[in-house]
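See below for the structure under consideration.
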Amino acid sequence: MYTDKEWIERLQGSPEERDSTIEELRDLLRRGLAKGLGNYLDGSAYVEDMTQEALLKILAAIDTFEGRSQFLTWAMSIATRTGISLLRHKYHRDQSMDAFVDDGGYPIDLSTSERPEESILMQEMLEKLQELIDQDLSEKQRMVLRASLDGYSTDGIAEKSGLNRNSVYKCLHDARVKLKEGLLKSGFAAEDVLDKIA
């Protein structure tokens, strides 16, 4: 196996050396993704798609490798994030955003502390947070927040809702600001809850 420096040099080397090194890296990534995400995949074709997408990102970002970890660790972390993103997109592809648009509230299920005094405080915060979501957020903000809490990526929400990516970011940002302000006005430390739902 190569050193970090050798990986970089070979991937930026002559076309022949580069192609053979890409094939070696592709094989390592493919095996890593199949092992790490195999339980969530339908078959080897999807692993190939993930591997190809990850390779493109790794090669595009190779100049940003700083050596804080080993090259293969860095490359595999990019591949894993890419794979998870593709899995999330695949999962939500056939989902409708209609499920997140309704007149009722959206109960928030966050884990609470096992310590009774913290559990009571957390429950009070969650009840207030629910009230703020129902009363202070616009329908669009509620829809985007609900989809985000359900695991949709920003791109997934944009694609499904017809909003552009910046609108989704703005909706989430504005919703968080309103919720934080509402919790602070009610005497709570908003960060305790908002960090969990960001």
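Looking at GLN141, GLN123, which one is surrounded by 17 or more Cβ atoms within 10 Å (Cβ to Cβ) and polar (S, T, N, Q)?
Result: GLN141 is the single residue among GLN141, GLN123 that is surrounded by 17 or more Cβ atoms within 10 Å (Cβ to Cβ) and polar (S, T, N, Q).
Consider only pairs whose beta carbons are under 6 Å apart and that are at least six residues apart or on different chains; among these, list those whose first residue lies in the stretch 4-20 and is over 18 Å from ARG68 (Cβ atoms) and without any contact (Cβ under 8 Å) to a residue 40 or more places away in the chain and whose second residue is acidic (Asp, Glu) and surrounded by fewer than 15 Cβ atoms within 10 Å (Cβ to Cβ).
Final answer for the pair search is ARG10/GLU17.
Within the stretch 116-129, identify whether any single residue is more than 18 Å from the chain's Cα centre (by Cα) and either at pLDDT 85 or above or not in a helix (DSSP H, G or I) (or both), and answer yes or no.
no
The values are calculated or read from the model by the stated rules, or taken from the named source; none is laboratory data. Since we're looking at a predicted model, the values are computed, not measured. Cβ sites come from the backbone with ideal geometry, for glycine too, and all protein chains shown count toward neighbours.
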